[in-house]
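*Asks:* This is the structure I have questions about; it appears just below.
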Amino acid sequence: MSADGERLQKVLARLGFGSRRVCEEMIADGRISVNGVVADLGRRIAADQDMVELDGVPVGVKPGLVHYLLNKPAGVVTTADDPQGRPTVIGLVPDEPRVFPVGRLDMDTEGLLLLTNDGDLTHRLTHPSFGVEKEYIAHVEGSPTRAALRRLREGIELEDGLTAPADAALLAPGVLRLTIHEGRNRQVRRMCDAIGHPVIRLVRSRIGPLADRRLKPGAWRPLTSDELRALERAASGLTGTPANGRGRRS
Ligand code: URA
């Protein structure tokens, strides 16, 4: 164990897990591990190197990592560089430190996009086996029938295979809420095409536990430590989304 570094309870308290006293209790209760080993009280860590977990869920303690939630407007591409010179999501967030989008939204899709320099979290969030839920509001041509909604729920045969069951609800005539946990290219648009109701406007309204109706198009904000924790939890495959309590590990 390193004699240098910061006391574990101090790091945890700074991240919003409670007072130092509360964090000490969590350590004493054996709920915290460092690099896979249950931590003792008095443990010091190097926050830029050590991997800390609470109840088996990694907590973001590494300094230098940033996590932004952006409300992507339509007409902006989800790439770092666009050869055609179109505006990019990277142009909407600070230049330093350099961040990357987690997954992608089509140029015409609006809504929530996560950008981060946290490669490990990105990997886990985009890994299909963890299936973090993504919720979309789709304005479509016409208004899907109950049978069409059932097809969305049960899975639709697309050219790259059958889609996993989705949650689908009609919020108003021609307005669908679709929740999927795959990340295939243009998936929602293709699913809606397949039921004969092409998308007119598509907005991502939730990524796992992250939602924000007040974030204006083009605006971004850092995740709160609660949000980051909830996201880490969702990406760990443990109980996923406080929004509906139906976390999954597929
Ligand atoms: N599904 C789509 O069709 N487009 C997106 O941008 C995201 C999901």
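The values are calculated or read from the model by the stated rules, or taken from the named source; none is laboratory data. Because the structure is predicted, anything quoted here is derived from the model rather than measured. Glycine also receives a Cβ, built like all others from the backbone with ideal geometry; neighbour counts cover every protein chain displayed. Please note that ligands, DNA and RNA were not included when accessible areas were found on the heavy atoms of the full protein model with its side chains. Shrake-Rupley method; radii C 1.70, N 1.55, O 1.52, S 1.80 Å.
*Asks:* With just the Cα atoms defining each centre, how far is the range 58-100 from the range 116-163? Give it in Å.
*Replies:* 22
*Asks:* Taking only Cα atoms of the range 134-207, what ratio of Rg to Rh do you get with Rh as the Kirkwood inverse-distance radius?
*Replies:* Result for the range 134-207 is an Rg/Rh of 0.91.
*Asks:* Here's another thing I want to ask about it. What percent of all Cα-Cα pairs in the range 108-250 falls into each 10 Å bin, going from 0 up to the bin containing the maximum distance?
*Replies:* 11, 41, 35, 12, 0
*Asks:* With the contact rule set at Cα under 8 Å and sequence spacing of 6 or more, what percent relative contact order holds for the chain?
*Replies:* Rounded, it is 19 percent for the chain.
*Asks:* On average over all directions, what projected area in square nanometres does the chain have, based on the convex hull of its Cα atoms?
*Replies:* 14.8
*Asks:* Right, another one. Would you tell me the accessible area of Arg104, worked out with a 1.4 angstrom probe on the heavy atoms of the protein chains, in Å² to the nearest 10?
*Replies:* 130
*Asks:* Gaussian network model of the chain, Cα springs within a sub-10 Å range: biggest mean-square fluctuation belongs to which of Gly111, Gly196, Gly161?
*Replies:* Highest fluctuation among the options: Gly161.
*Asks:* For the chain, report the accessible area per residue in Å² (1.4 Å probe, heavy atoms, rounded to an integer).
*Replies:* 50
*Asks:* Specify the residue with the greatest mean-square fluctuation among Val99, Val11, Val22, computed from a Gaussian network of the chain linking alpha-carbon atoms under 10 Å apart.
*Replies:* Result: Val22 has the largest fluctuation of those listed.
*Asks:* Taking just the C-alpha trace of the range 6-58, give me its Rg and Dmax in Å.
*Replies:* 9.5, 24
*Asks:* Shifting gears a bit: Whenever you get a sec, line up Lys10, Lys216 from highest to lowest accessible area (probe 1.4 Å, protein heavy atoms).
*Replies:* Lys216, Lys10
*Asks:* Still on this model: Assuming R0 = 41 Å, can you tell me the calculated FRET efficiency for the pair Arg153 and Arg14, based on Cβ-Cβ distance, to the nearest 0.05?
*Replies:* That pair, Arg153 with Arg14, gives E of 0.40.
*Asks:* Run the accessible area of the range 89-184 with a 1.4 Å probe and give the carbon-and-sulfur part as a rounded percent.
*Replies:* With neighbouring chains kept in place, the figure for the range 89-184 is 52 percent.
*Asks:* Continuing with the same structure: Take the Cα gyration tensor of the range 1-148, multiply each eigenvalue by 5, square-root it, and list the three semi-axes largest first, rounded to whole angstrom.
*Replies:* 39, 20, 12
*Asks:* What spacing in nm lies between the two simple spin-label points modelled at Asp29 and Arg177, each 7 Å away from Cα in the Cβ direction?
*Replies:* Result for the modelled spin labels: 3.3 nm.
*Asks:* Here is a further query. How high is the FRET efficiency from Ala219 to Asp40, r the C-beta distance, R0 51 Å, rounded to 0.05?
*Replies:* Efficiency computed from Cβ-Cβ geometry: 0.70.
*Asks:* Quick check on the chain: helices-only [θ] at 222 nm, where DSSP H runs of length 4 and up contribute -39,500 (n - 2.57) each and the sum goes over total residues. Nearest 500, please.
*Replies:* -6000 deg cm²/dmol
*Asks:* Could you pull out the longest piece of the chain with no exposed loop GluC sites (Glu not before Pro) in it, calling a site exposed if DSSP puts it outside H, G, I, E, B and it has at most 16 other Cβ atoms within 10 Å?
*Replies:* It runs 1-140.
*Asks:* A follow-up question, please. With springs connecting C-alpha atoms under 10 Å apart, model the chain as a Gaussian network and identify which of Ser33, Ser205, Ser19 has the largest mean-square fluctuation.
*Replies:* Residue with maximal mean-square fluctuation among Ser33, Ser205, Ser19: Ser19.
*Asks:* What percent does the relative contact order of the range 6-58 come to when contacts are Cα pairs within less than 8 Å and at least six residues apart?
*Replies:* 35
*Asks:* Between Arg186 and Asp95, what is the spin-label point distance in nm, taking each point 7 Å from the Cα along the Cα→C-beta axis?
*Replies:* About 3.5 nm separates the two model spin labels.
*Asks:* Report the FRET efficiency, 1/(1 + (r/R0)^6), for Thr79 and His123, where r is their Cβ-Cβ distance and R0 is 22 Å, rounded to 0.05.
*Replies:* E between Thr79 and His123, to the nearest 0.05, is 0.75.
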